[in-house]
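Below: the structure, in structure tokens.
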Amino acid sequence: MNDRLFKLLRAMACACLITASAAAFAAAPAKSSVHVEHAWIRWLPANLPAAGYAKIVNDGDSTVRLTGASSPDYGEVMLHQSRLAEGDSTMVMVAHLDILAHGSVSLAPGGYHLMLSHAKQPVKPGDTVPVTLHFADGASVQVGFKVMPANATGPG
Ligand SMILES: [Cu+2]
């Protein structure tokens, strides 16, 4: 093989690799425009379901829809909303939650929250629980939720 042909082949191989990696990048799941702040869990004793709170911020130019969440530490993670009905606080399931472009939604005591139940291992204050938020566009965001005692009012 002469030197010129070798260089030509090498250049072609390089171009090929670039094309292949560009294709792999395009096939990767959608990158989320969301980031999450102040994620924490209010821990309760006796293996009771725990509530997860966070501020979900959409840095993008279009609305994103939160459709659910999951965690390796809990068998079930649901999206709930606390409501006051005739003086009684109740919780209802929420199918999805929209976060407007350049807006945010807070999961906070008395309102939206993640309900984490069926802990797969003992979870205690001081732990950090990984939670993945799932969005309608196929993107997902993993967040570490700081586990706080039952009387805590926030993560800080
Ligand atoms: Cu709940």
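If R0 is 22 Å, what FRET efficiency do you get for Asp127 and Lys55 from their C-beta distance, rounded to 0.05?
0.60
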Problem - Packing-based order for 63-69, 149-155, using average beta carbon neighbours within 10 Å, highest first - result: 63-69, 149-155
Completion exercise
Exposure-ranked with fewest Cβ neighbours within 10 Å first, Ser70, Ser89 stand as Ser89, Ser70
Handout entry: Paramagnetic reach from Val92 in region 110-124 [backbone N under 14 Å; point 7 Å along Cα→Cβ]
Key = 111-113
Completion exercise
So, over other residues within a Cβ distance under 11 Å of Ala139, counting Lys, Arg +1 and Asp, Glu -1, the net charge is +1
Exercise for the section: With both partners inside region 34-148, how many of the DSSP beta bridges are antiparallel, as a percent to the nearest 5? Expected result: 95 percent
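No value in this document is a laboratory result; all are computed from the given coordinates. The structure presented is a predicted model; accordingly, all values stated were derived computationally and were not measured. All Cβ positions, glycine included, derive from the backbone under ideal geometry; neighbour counts span all protein chains shown.
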